[in-house]
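The values are calculated or read from the model by the stated rules, or taken from the named source; none is laboratory data. These numbers were taken from a predicted model, which means no experiment stands behind them. For neighbour counting, all protein chains shown are included, and Cβ atoms are generated from backbone atoms with ideal geometry for every residue, glycine included. Each accessible area value is taken on the protein alone, full model and side chains, heavy atoms only, with ligands, DNA and RNA left out. Shrake-Rupley method; radii C 1.70, N 1.55, O 1.52, S 1.80 Å.
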Amino acid sequence: MDLNYTKEEQAFRDEVHSFVRDNLPKDIAGKVLHHKRLVKDDWERWQKILYKKGWVAPNWPKEYGGCAWSPIQQHIFDEECGYLGAPRVMPFGLVMVAPVIQHFGSKWQKEYYLPRILSSEDWWAQGYSEPGSGSDLASLKTKAVRQGDHYVVDGQKTWTTLGQYANMIFCLVRTDSTVKKQEGISFLLVDMKLPGVTVRPIITLDEEHEVNEVFFDNVKVPAENLVGEEGKGWTYAKFLLGHERTGIARVGESKRELEQLKAIAAKQLRNGKPLMEDPRFRDRVTGVEVELMALEITLLRVLSSRTKPGPEASILKIKGTDVQQALTELTMEAMGPYALPFRPEARDAGWHGEPVGPEYAASAAAVYFNYRKTSIYGGSNEIQRNIIAQMVLGL
Amino acid sequence: MDFIFSEEQQQLRDSIQKFISKEYGFEARKAIIASKQGFSDKVWAQFADMGLLGVAFDEAHGGFGGSSVDTMLVMREFGRGMVVEPYLSTVVLGGSLIDLGGSEAQKQAILSEVAQGKLLLAAALGEPNSRYELNCVETSAKRDGAGYVLNGHKAVVLHGESADKLVVSARTAGAMRDTKGISLFLVDKKAAGVAVQGYRTIDGMRAAEIRFANVKVGADAVLGEVDAALPLLERAADFAVSALCAEAVGAMEALNAATFEYLKTRQQFGRPIGSFQALQHRAVDMMIHCEQSHSLALLASIKVQSEDPNERKRTVSAAKIQIGRSGRAIGEEAIQLHGGMGVSNELAAGHYAKRLAMINATLGDVEHHAERFAGAA
Ligand SMILES: Cc1cc2nc3c(=O)[nH]c(=O)nc-3n(C[C@H](O)[C@H](O)[C@H](O)COP(=O)(O)OP(=O)(O)OC[C@H]3O[C@@H](n4cnc5c(N)ncnc54)[C@H](O)[C@@H]3O)c2cc1C
Ligand SMILES: Cc1cc2nc3c(=O)[nH]c(=O)nc-3n(C[C@H](O)[C@H](O)[C@H](O)COP(=O)(O)OP(=O)(O)OC[C@H]3O[C@@H](n4cnc5c(N)ncnc54)[C@H](O)[C@@H]3O)c2cc1C
């Protein structure tokens, strides 16, 4: 047993670190590190820089222009990027739909969509959840009816992350309602510019526009946009889950937030002394730091295992989000009364108004409320626990 | 022991409940928050008519001669309705500072105006470096002939922008953290040298940074004893904390009710999600959190009147610790059990969670009161 990274992995980390340090635009890093508002261009710029370097698709095979990195390498890459304040590469195209197209897509889907995903020409959204189908995804109702060389799509998706930027959406749709619910689902690639597609914002607790409702009213989608076979959508969706494992623990990002929390707590005063020296507060920071240390090793154990990660990888989702949420909570509490002021305008990078309290206070409570989402999306933490109980513990 | 409200108290409660359900629904509240001043003059006038603005003041000062229990009762209903009007700052905190520390002339001049809804107050106590310590006062008040000159910066003054008069803590002697040497001043917000930077708070209220640059006040502006205002400040702050605890209990009750209703109606996997035992136990814990909070909020509303400052501090801090912890737990669980709907700003649930989190951050969080509790043992 050796819990150290190999020489090659160390060298790889150094290479990633210096590339990201030297090429990540300072304005973008500044936004991420200070919780300022990101706009479409920020993600696209960073993804195009990675694309030029050949690093935008760590998980893809070489034949499609990916890096084919090992899981450990992918983790090192995620960790360095997160730590240095890179925006998260938008997963919907690169991490989610691309592997499905690679495995189950037609020749033209591969030739047409994959290069556009690599180059960030298309922005993809994930169209799974519906108002009546969240945790119980297989009950989804959005219909696609085959008519000649088209599918006619009717229904509604919801909680669509950054759907306002997207021009493409991959949807689970019901093509057969006479069979078992999982077997009547198909996987459809939909151009959001088609007539009948409407996107409406949902404003979240921090008053940000990050999620949307997407309505489909008689939308004619070319049949060639069906991935694989009709009725196999559920199988493809589950295959996709296996591709979301790395990065789900967000270790790099949490390390960065932990460091920032400590820096903030060293400046904030309690009884005239730095908050970080207050035993009550310090013990809570230690508690989260210990969890994060354990999480990192748990993640590496999963990634190093010779078999594909199984349902026990749900631990990473649960603990990863616990740690992220605990960090936002402590950061908010570190502000004391300056957690109250709510100034969304101060989160615009170009804003130069008069601050209220320390600069880092402007986003603390908003981020705390925003991060409540992490234990809800991507399969809620209750659903993750159900998975472990049933599939791992055999209960 | 008697945990039953009197008939008048029940009537008071019923009238507030009726008002909120009729005129202070989620949409009405949203429009009020979006308005320029962030609260409604009309609602404020109705509160005056209902007798809420003078509920705890003496009849001699235009009040209704009620007790801290009446204040608690009002705040609990305001918690349920997430009322954003400046009741805490004007009536509870500002009002009690004057009621407890003012001269007869000051009470006559101010309390009846407050009770009639004609005068708004705000207490400017915190400072950029004071966190929750009332004794940490850098703002200075220097003698100037018969009066004083004030200089300094007061932080996160609740409803500071809309207030007509400010109660300001300032140092007349000693060093920044000394318990002696603090005095209170009544300052007209329009006085020359007062600069107000107002802003929204994340829970739908308003607050302000207020800077004082050579603000002159007369000798009659002093509230209470010169150099010795800290005990008065602490007493009024404890009264406000006990009121906040009652508000939190109201918010918890409403949030729990909304969440339990959601568990019964939201269907997944062909059944109400409330049929999943994993969620049932969480709901039960939310209910227990609320009951425990209610118990200590009741105790605080009585003991806040105690003549023994240690007993008062211990009980009020205990209640604030309990509601801080329980408010956090209930707020987070309510959002989680609502799934995606919990993070939508269109649902009341998340707004209750915001208010509960900010109540913890107001007048001392769990850690502040944990230390104070231990010190008052
Ligand atoms: C910010 C955000 C971004 C999102 N982005 C996307 C996106 O881009 N694309 C997309 O398709 N979806 C997205 N989602 C949707 C997300 O996947 C769903 O919110 C999630 O699956 C939960 O579904 P729901 O909201 O309908 O909650 P429900 O399923 O109604 O759950 C409500 C509560 O019940 C619990 N529960 C449900 N079933 C069980 C059970 N069997 N046992 C125990 N507890 C249970 C849940 O854990 C939750 O606490 C996003 C959600 C959020 C909040
Ligand atoms: C010190 C002690 C004193 C006791 N004194 C008395 C007494 O004075 N009078 C008396 O009548 N009994 C008494 N009991 C017995 C006690 O009531 C039982 O132990 C208890 O009801 C659990 O039953 P069990 O031990 O058969 O465990 P089980 O019922 O087999 O339960 C095992 C575990 O499963 C959980 N569980 C079971 N059913 C459910 C469910 N539907 N949902 C969720 N979780 C579930 C339990 O909580 C427990 O964690 C005592 C037990 C102890 C340990």
Surpassing 20 Å at the alpha-carbon level, of the pairs A:K48/A:K238; B:K154/B:K190; A:K317/A:K373, are A:K48/A:K238
Assuming a strict under-23 Å limit between Cα atoms, what lysine pair count do you get for the stretch A:124-230 once near-sequence pairs (fewer than 8 apart, same chain) are dropped?
15
Against the longest principal axis of chain A, how steep is helix A:107-118, in degrees 0 to 90 to the nearest 10, with axes from Cα atoms?
20 degrees
With the dipole of the protein assembly as shown worked out from charges on the C-beta (+1 for Lys and Arg, -1 for Asp and Glu) around the Cα centre, which of A:L330, B:G117, A:Q164 lies farthest toward the positive end?
A:Q164
Quick one: what Rg and Dmax do you get for the protein assembly as shown from the alpha carbons, in Å?
28.7, 94
Cα-based Rg of the stretch A:124-230 per 2.2 N^0.38 Å, rounded to two decimals?
1.03
One quarter of the convex hull surface, Cα atoms only: what value does that give for the stretch B:231-375 in nm²?
8.6 nm²
Could the peptides B:84-90, B:311-317, B:22-28 be put in order, highest first, of the mean number of other beta-carbon atoms found within 10 Å of their residues?
B:84-90, B:311-317, B:22-28
Cross-link partners of A:K232 among aspartates and glutamates (Cα-Cα below 12 Å; sequence separation of 8 or more within a chain)
A:D176, A:E183
Using Cα atoms only, what is the angle between the long axis of helix B:309-337 and the major principal axis of chain B, expressed in degrees (0 to 90) to the nearest 10?
40 degrees
Tell me, Kirkwood radius of chain B from alpha-carbon pair distances, in Å?
21.2 Å
What number in nm² do you get for the stretch A:248-392 if you take the convex hull of its Cα atoms and divide its surface by four?
10.2 nm²
Space enclosed by the convex hull of the alpha-carbon atoms of chain A, per residue, Å³
157 Å³
Rounded to the nearest 500, what is chain B's calculated 222 nm mean residue ellipticity when only DSSP H runs of at least 4 contribute -39500 (n - 2.57) each, over all residues?
-16000 deg cm²/dmol
Positive dipole terminus of the stretch A:1-44, leading residue within A:L3, A:F19, A:G30 (C-beta point charges):
A:G30
In nanometres, the difference between 0.36 nm per residue of separation and the alpha-carbon distance of B:T265 and B:M287 is 6.1 nm
For the stretch B:300-377, with only Lys/Arg (+1) and Asp/Glu (-1) charged at the beta-carbon, what is the dipole magnitude about the Cα centre, in debye rounded to 20?
120 debye
Work out from phi, with θ = phi - 60° and the Karplus expression 6.51 cos²θ - 1.76 cosθ + 1.60, the ³J(HN,Hα) of each residue of the stretch B:39-44, listed in order in whole Hz, and give x for Gly and Pro.
8, 10, 4, 5, 4, 4
For q values of 0.26 Å⁻¹, compute log₁₀ I(q)/I(0) with the Debye formula on a Cα-only model of the stretch A:248-297, without solvent.
-0.94
Helix B:277-303 axis, angle to chain B major axis (alpha carbon atoms, nearest 10°)
30 degrees
Spatial separation of Cα centroids for the stretch A:1-57 and the stretch B:91-112, in angstrom:
60 Å
On average over all directions, what projected area in square nanometres does the stretch B:122-228 have, based on the convex hull of its Cα atoms?
6.2 nm²
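Can you give the helix-only mean residue ellipticity at 222 nm for chain A, where every DSSP H stretch with n ≥ 4 adds -39500 (n - 2.57) and the sum goes over all residues, rounded to the nearest 500 deg cm²/dmol?
About -13000 deg cm²/dmol.
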Yeah, the stretch B:7-120 with a ≥ b ≥ c from its alpha-carbon gyration tensor (a/c under 1.5 is rounded, else prolate when a/b outruns b/c, oblate otherwise) is oblate
At a 1.4 Å probe radius, which order do B:R177, A:R250 fall into by accessible area, largest first?
B:R177, A:R250
For the pair A and B, total buried accessible area rounded to nearest 100 Å², probe 1.4 Å:
4200 Å²
Using a 1.4 Å probe, what is the accessible area per residue for the stretch B:231-375, in Å²?
35 Å²
Roughly to the nearest percent, how much of the accessible area of the stretch B:7-120 is carbon and sulfur, given a 1.4 Å probe?
50 percent
Between A:R301 and A:K267, what is the label-to-label distance in nm when each label sits 7 Å out along the Cα-to-Cβ direction?
3.8 nm
Taking every eigenvalue of the Cα gyration tensor of the stretch A:7-89, multiplying by 5 and rooting it, what semi-axes result, largest first, whole Å?
22, 15, 10
